[in-house]
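Quick notes on the structure that follows.
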Protein chains: 2
Amino acid sequence: VELNVGLLGLGTVGAEVAERLLAKRERMAARTGVDLILRRVLVRDLERPRGIPTELISGQAEDILDDPSVQVVVEVMGGEEPARSYLERAIRSGKHVVTANKVVMAKHGPDLLELAGSKDVDVYFEAAVGGGIPLISTFKVDLIANEIESIAAVINGTTNYMLGRMASAGISFDEAVAEAQAAGYAEADPSADVDGFDAVYKLSILASIAFGARVHPDSVFREGIRAVEPLDFRYARELGYEIKLLAYSARPKGRIEARVHPAMIPLHHPLATVEGAFNAVQITGDLVGDVLLWGQGAGGRPTASAVVGDLLDVAHSIRKGSFNRVAMRFDADPAMLPMAEVRTKAYFRLRALDQPGVLAAVGTVFAEEGVSIASMIQKDSIEEGTAELVFTTHPASDAGLQKARGRIADLDQVKRVCAFLRVV
Amino acid sequence: VELNVGLLGLGTVGAEVAERLLAKRERMAARTGVDLILRRVLVRDLERPRGIPTELISGQAEDILDDPSVQVVVEVMGGEEPARSYLERAIRSGKHVVTANKVVMAKHGPDLLELAGSKDVDVYFEAAVGGGIPLISTFKVDLIANEIESIAAVINGTTNYMLGRMASAGISFDEAVAEAQAAGYAEADPSADVDGFDAVYKLSILASIAFGARVHPDSVFREGIRAVEPLDFRYARELGYEIKLLAYSARPKGRIEARVHPAMIPLHHPLATVEGAFNAVQITGDLVGDVLLWGQGAGGRPTASAVVGDLLDVAHSIRKGSFNRVAMRFDADPAMLPMAEVRTKAYFRLRALDQPGVLAAVGTVFAEEGVSIASMIQKDSIEEGTAELVFTTHPASDAGLQKARGRIADLDQVKRVCAFLRVV
């Protein structure tokens with residue numbers, strides 16, 4: 001079976017997709033029985049030299065979207081617009097689409113999937129989350145017999161690299177940003193990664209499929225890693241934890257909990273061992289128990305693995321003349337569990353005056369807010385006349401933890417609440 | 001869409017499959033749009049009380065295999081026969097089959113798949129390897145754009161549990177067997193696990209799909225864990241390794257390498273952290289890089305997750321009227337790399353007379369067999385007048401390592417080669 005492919009975008013991912021389609025065409029055809037034919041590639045800058053035949057290059061999206069011979073449109077441009085509009089147009093004209101676009105899929109995925117259903121074409125987006133790690137298909141197909149109980153993930157490679165460097169080299173957040181930029185992991189403006197937006201988009205997609213509900217990115221609690229200080233890594237180690245940017249979703253009692261924030265993860269937890277720019281997603285289902293999927297979550301080649309895998313699957317559908325094999329359903333307006341009601345353990349680090357009564361005052365606040373203390377460490381602070389106090393707590397409502405945090409910061413004997421981290 | 005299911009076997013896995021089909025029927029139907037109807041269950045002992053309606057129970061396979069209303073046959077009996085014959089009969093009469101049978105799929109999978117292709121029915125076997133971990137579909141679909149370079153796996157939970165206990169509690173192999181039996185992980189006759197047969201079947205299936213070639217279990221090198229002694233765990237720890245039963249396959253230069261044996265795995269390697277009865281499979285593809293899939297590799301519920309997932313996929317195919325979506329091809333007689341030609345690092349532990357010249361003699365043998373020494377430790381032995389020598393080597397041909405092993409054992413100054421382990 002032949003499949004005529006139009007490619008929107010020739011960046012890191014697009015170049016690897018084009019390379020595989022052009023250089024390995026015969027080899028893949030022999031192995032899979034599918035002949036993937038790259039018809040045209042949309043680029044932004046026509047003048048830039050490319051490693052692919054110039055007759056394939058175009059600066060006009062219409063050359064792909066309006067070409068009736070193109071059966072499937074691959075979108076690897078990134079960003080919300082015009083990518084979303086292109087995808088919609090492609091679907092409306094009866095083309096299948098494959099996208100690596102997490103922003104579009106997080107915000108508009110259910111709409112595009114619904115539209116595709118009405119047009120009897122397929123929307124593939126394995127590449128939108130976790131590079132080549134098979135996540136979408138795992139939820140859609142492999143674990144479909146399960147009620148999914150929770151998803152816990154380290155899903156942003158850039159922050160994981162940064163936190164790893166802060167832990168091992170004792171460097172500051174700013175130094176870690178600079179290193180991640182130098183290593184090609186972070187953008188000039190690192191906000192999408194370090195403020196948690198990227199992880200929120202990915203979690204939104206995974207949770208939507210896992211729970212069959214529209215988990216809009218705006219309804220995901222988001223806190224980035226800017227406030228994490230080198231000292232916290234030392235305490236984490238002492239207490240038996242790693243600090244990771246955690247993406248977590250669950251459905252306790254019918255409401256969906258979804259949150260992205262830095263967290264202390266116990267050393268024996270599988271997510272604690274995810275190093276560098278790798279991603280890992282731990283899925284808990286009522287039958288399967290815990291399953292962990294781990295791999296490179298970004299980069300041209302791993303993402304191209306997912307894109308080309310999706311293309312070959314489109315080809316199988318075309319050969320069989322059968323689309324929308326697994327219909328996905330999304331509860332349009334699911335009940336979300338507000339962050340205030342989430343119950344979690346926590347870690348507080350504060351600097352207090354080195355005088356009697358501090359512990360009593362802090363302890364009283366915790367007790368009044370319903371927060372029970374699990375452990376306490378007191379050390380001399382670098383600042384004369386002050387002491388550093390570290391508390392970990394038993395599970396409490398996030399509202400109670402935040403109130404305690406505010407009230408402790410307001411105590412006369414307390415100079416500053418230096419750190420607050422949730423604990424897994 | 002409705003799907004009429006016949007179930008062959010009501011053991012640990014069968015009972016969980018039946019439970020899910022009966023107790024969660026409406027719930028699954030609402031979620032997936034598929035109504036799974038359990039029509040009949042074949043059991044060995046009709047007298048034993050079961051938790052399912054007696055009218056569903058039968059002692060005759062014909063009641064399922066010859067019932068035209070049964071659309072899909074689920075085989076969870078285990079063992080080669082009569083399971084294989086039942087599967088063949090079901091396929092011949094136009095029924096789809098779902099099996100959790102690793103022995104049948106390892107030995108006869110390509111034949112059954114070919115037969116099913118000619119009958120236009122589907123054969124599903126996700127449950128045959130790694131319980132609910134999505135492995136078959138990962139190779140068949142998700143990583144299909146890749147040339148698979150290697151598979152490295154800890155794929156037998158029983159031996160992994162035993163090796164873990166030997167490492168942490170310092171107990172002997174026999175004690176570990178007894179513990180694994182008490183914990184319900186090992187059979188009364190533990191040979192299938194401890195001698196590596198189970199891992200060989202699973203690796204045979206994975207390698208066959210990964211490389212599109214019949215990797216028959218008889219052509220997989222196999223060595224079990226009986227010879228591993230408590231002392232080796234101490235040296236492993238000292239040298240920075242864990243000892244695991246490794247299942248490894250790769251295709252260097254067109255020939256397929258496939259082997260199962262205990263191995264020392266560096267502590268930083270993802271497979272080194274796989275604990276207890278868990279399984280993990282690390283797949284390396286030319287695009288995706290390394291991907292690791294981890295979870296419970298056995299047990300009723302995780303395996304039922306895969307079986308029922310497969311059933312729902314069959315139902316989707318029936319709804320679309322389209323089967324054999326992804327055709328698998330198997331090179332019937334692939335070239336295998338003989339174990340003698342495999343290059344690997346190794347660990348030798350030997351007891352030698354505590355007298356001059358031993359090191360020179362051992363070193364000479366290694367040199368003559370082309371084996372280069374990477375590290376050496378010498379310690380007093382528990383046995384009077386002897387010393388314990390531990391060597392690790394650089395990569396060498398397995399033939400050279402075995403020759404060296406034999407010649408060293410024959411040296412006058414050497415009492416015994418106590419241990420030989422390959423090193424990752």
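Tell me, what is the FRET efficiency for B:ASP174 and B:GLU384 to the nearest 0.05, using R0 = 30 angstrom and their Cβ-Cβ distance as r? Once rounded, the FRET efficiency stands at 0.70.
Return one number: the angle in degrees, 0 to 90 and rounded to the nearest 10, between the long axis of the Cα atoms of helix A:358-368 and the longest principal axis of the Cα atoms of chain A. The two axes meet at around 60 degrees. Could you calculate the FRET efficiency of B:ALA374 with B:GLU275 from 1/(1 + (r/R0)^6), where r is the beta carbon distance between them and R0 is 30 Å, rounded to 0.05? The value I calculate is 0.65.
Pairs spanning more than 32 Å between alpha-carbon atoms, out of A:LYS95/B:LYS95; A:LYS379/B:LYS379; A:LYS24/B:LYS202; A:LYS95/A:LYS253; A:LYS345/B:LYS140: A:LYS95/B:LYS95; A:LYS379/B:LYS379; A:LYS95/A:LYS253; A:LYS345/B:LYS140. Rounded, prolate or oblate: which one fits the range B:74-191, using the alpha carbon gyration tensor with axes a ≥ b ≥ c (rounded when a/c is under 1.5, else prolate when a/b beats b/c, else oblate)? It comes out oblate by the Cα gyration axes. Close amide H partners of B:ASP354, meaning residues 5 or more places away or on another chain with modelled amide H under 5 Å apart, are B:THR386, B:ALA387.
Each copy carries a label point for B:PRO338 at 7 Å from Cα toward Cβ; from one copy, the others' points are 7.4 nm away, ordered from shortest. Taking the longest Cα principal axis of chain B as reference, the axis of helix B:173-182 is set at about 20 degrees.
Calculate the length of the line joining the C-alpha centroid of the range B:256-292 to that of the range B:3-26, in whole Å. Cα centroid to Cα centroid, the span is 32 Å. Give, as ranges by residue number, the residues of the range A:69-104 whose backbone N falls under 18 Å from the point 7 Å along Cα→Cβ of A:ILE37. The answer is A:69-74, A:95-96, whose backbone nitrogens lie closer than 18 Å to the label point. Working note: Karplus 6.51/-1.76/1.60 with θ = phi - 60° gives the range A:373-379 the couplings 7, 9, 7, 9, 10, 10, 9 Hz, where Gly and Pro are set to x. Between A:ASN101 and any residue 5 or more places off or on another chain, the built amide H atoms are never under 5 Å apart.
Taking amide hydrogens as placed 1.01 Å from N in the peptide plane, the amide H of B:VAL423 sits under 5 Å from those of B:MET264, B:LYS345, B:ALA346, B:TYR347, each at least 5 positions away in sequence or on another chain. What the phi angles of the range B:317-326 give under the Karplus curve with 6.51, -1.76 and 1.60, with θ = phi - 60°, is a coupling list of 5, 5, 4, 8, x, 9, 10, 6, 4, 10 Hz, glycine and proline written as x.
Seen against the Cα atoms of chain B and their longest principal axis, helix B:230-239 is set at about 80 degrees.
Site pair A:ARG44 and B:GLU80 shows an inter-label distance of 6.2 nm when each label is modelled 7 Å from Cα along Cα→Cβ. Take every DSSP beta bridge whose two residues both sit in chain B; close to 70 percent of them are antiparallel. Helical runs (DSSP H, four residues minimum) scored at -39500 (n - 2.57) apiece and divided by the length of the protein assembly as shown put the mean residue ellipticity at 222 nm at -10500 deg cm²/dmol. Counting only protein heavy atoms and a 1.4 Å probe, the range A:134-182 has 28 square angstrom of accessible area per residue. Once you order the gyration tensor axes a ≥ b ≥ c over the Cα atoms, which shape class does the protein assembly as shown get: rounded for a/c under 1.5, otherwise prolate or oblate by comparing a/b with b/c? Rounded, because the longest to shortest axis ratio a/c is under 1.5. With θ taken as phi - 60° and the Karplus curve 6.51 cos²θ - 1.76 cosθ + 1.60 applied, the whole-hertz 3J(HN,Hα) list for the range A:129-142 is 9, x, x, x, 5, x, 9, 4, 5, 5, 6, 5, 10, 5 Hz, x standing for glycine and proline. With a simple spin-label model that places each label point 7 Å from the Cα along the Cα-to-Cβ direction, the separation between A:ARG343 and B:ARG27 comes to 2.1 nm.
The values are calculated or read from the model by the stated rules, or taken from the named source; none is laboratory data. All values derive from a computational prediction rather than experimental measurement. A quick note on method: Cβ atoms are made from the backbone with ideal geometry, for glycine too, and the neighbour counts reach across all protein chains shown. When the accessible area is computed, the model is the full protein with side chains, heavy atoms only, and any ligands, DNA or RNA have been set aside. Shrake-Rupley method; radii C 1.70, N 1.55, O 1.52, S 1.80 Å.
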